[in-house]
Amino acid sequence: MSKEIEVLKQAVIDGDADAVIDSAKKALDAGINPIEILENGISRGAQVVGDQFEKLEIFLTELMLSGEAMMAGLNVVLPHLKTEDVPQKGKVVVGTVRGDVHEIGKNILKSLLVANGFEVSDLGVDVPTSKFVEAAEKIHADIIALSALMTSTLGGQKDVIDYLEQTGNRNKYIIMVGGGPTNQGWADEIGADGFAETAPEAARLAIELIEKRRN
Ligand code: B12
């Protein structure tokens, strides 16, 4: 891993927003791909912070400082994502499910979808089930992308699918799920159409699923 990315990852772990901004700029100046900066610098730093929090090696204040540092890094890196000069691929509603305020992964996903030619409506965090469906109907979305970062909020993804089924609208939308505790098994269990481990994979999958549906 390059020196710039190592420094960035450590700055995320230290919860030092100024150092995150500085090292993210240096990584961009060094010509490192923004996706690599996000995945290997910010996301890997987040993973370490999460592990430390789980083991009670750090506490909420430190978790919050790291969260703020990650957001600061995102603000530097996301505008540098290369936007593909492609025709519109489709419309996506994204959001973090009810009860969950984690937004970093969702924001990366949104930016990568936009960079890949999708029109994205971002509902933010702690989004009630019905709001996803209302927004999807309003913009005639192709995809609803649901982020959940906690085992206690995963159910919010299933709620959206159940709601669509109950109202006879399930087949109108492609449902993608992702975020920390989600996996393919969970996606299969709740009847989602797709799961991806990372945002770049999610953007590729969105293209694949939309093409499959249209053919
Ligand atoms: C930063 C952070 C916070 C910040 C969030 C800041 C913000 N503005 O978002 C703050 C401090 C607010 C926070 C709060 C809390 N947190 Co927190 N947090 C984290 C941490 C360290 C990093 C999360 C993150 O941003 N990762 C980086 C991003 C890039 O990764 P990602 O979200 O997974 O996204 C990637 C992929 O999953 C994918 N993806 C994401 N969404 C989607 C959606 C789709 C459709 C697809 C296909 C893909 C996809 O793409 C992304 C990029 O590749 C995690 C640890 C971890 N391992 O996740 C804990 C963690 C998620 N938090 C945790 C907890 C417990 C909390 C609190 C309850 C703490 C408390 N006692 O108050 C609160 C929850 C508040 C709430 N109601 O939501 C636990 C959850 C445990 C669990 N399994 O349930 C974790 C796992 C830490 C731990 N190990 O204990 N947290």
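The values are calculated or read from the model by the stated rules, or taken from the named source; none is laboratory data. Only a predicted model underlies this, so the values are computations on that prediction, with no experimental measurement involved. For neighbour counting, all protein chains shown are included, and Cβ atoms are generated from backbone atoms with ideal geometry for every residue, glycine included.
When V94 is tested against (1) within 9 Å of the ligand (Cβ to nearest atom); (2) within 17 Å of the chain's Cα centre (by Cα); (3) part of a helix (DSSP H, G or I), exactly one condition is not met: (3). So V177 passes all but one of these: (1) surrounded by fewer than 19 Cβ atoms within 10 Å (Cβ to Cβ); (2) within 12 Å of the ligand (Cβ to nearest atom). Which condition number does it fail? It fails just one condition, (1). Taking D142 as the residue in question, decide whether it is over 30 Å from F53 (Cβ atoms), among the charged types (D, E, K, R) and out of contact with any Ser or Thr (no Cβ under 6 Å at 6 or more places or on another chain). Considered against the rule, which asks whether it is over 30 Å from F53 (Cβ atoms), among the charged types (D, E, K, R) and out of contact with any Ser or Thr (no Cβ under 6 Å at 6 or more places or on another chain), D142 comes out as yes. When each of A206, A148 is tested for being touching a residue at least 60 places away in the same chain (Cβ under 8 Å) and assigned by TED's automatic domain parsing to the domain that holds D100, the lone residue that passes is A206. Inspection of the stretch 58-74 finds no residue satisfying the criterion of being more than 10 Å from the ligand (Cβ to nearest atom), without any contact (Cβ under 8 Å) to a residue 40 or more places away in the chain and under 18 Å from the mean Cα position of the chain (by Cα). Listed by first and then second residue, the pairs linking a residue in the stretch 88-108 that is in the same structural domain as A145 (by TED's automatic domain parsing) to a residue that is near the ligand (Cβ under 6 Å from one of its atoms) and among the charged types (D, E, K, R), with Cβ atoms under 8 Å apart and 6 or more places separating them unless they lie on different chains, are V94/K106; G95/K106; T96/E103; T96/K106. Checking each residue in the stretch 183-206 for being of a type in the set (D, E, K, R) and either crowded, with 16+ Cβ neighbours inside 10 Å or part of a loop (DSSP other than H, G, I, E, B) (or both) picks out D193, E197.
Taking the stretch 136-173 as the range and being surrounded by fewer than 19 Cβ atoms within 10 Å (Cβ to Cβ) and hydrophobic (A, V, I, L, M, F, W, C) as the test, the residues that pass are I139, M150. For the stretch 108-124, name all the residues that are under 12 Å from V93 (Cα atoms) and either at pLDDT 95 or above or buried (at least 22 other Cβ atoms within 10 Å of the Cβ) (or both). Hits for the stretch 108-124 are L109, K110, L113, F118, E119, V120, S121, D122, L123, G124.
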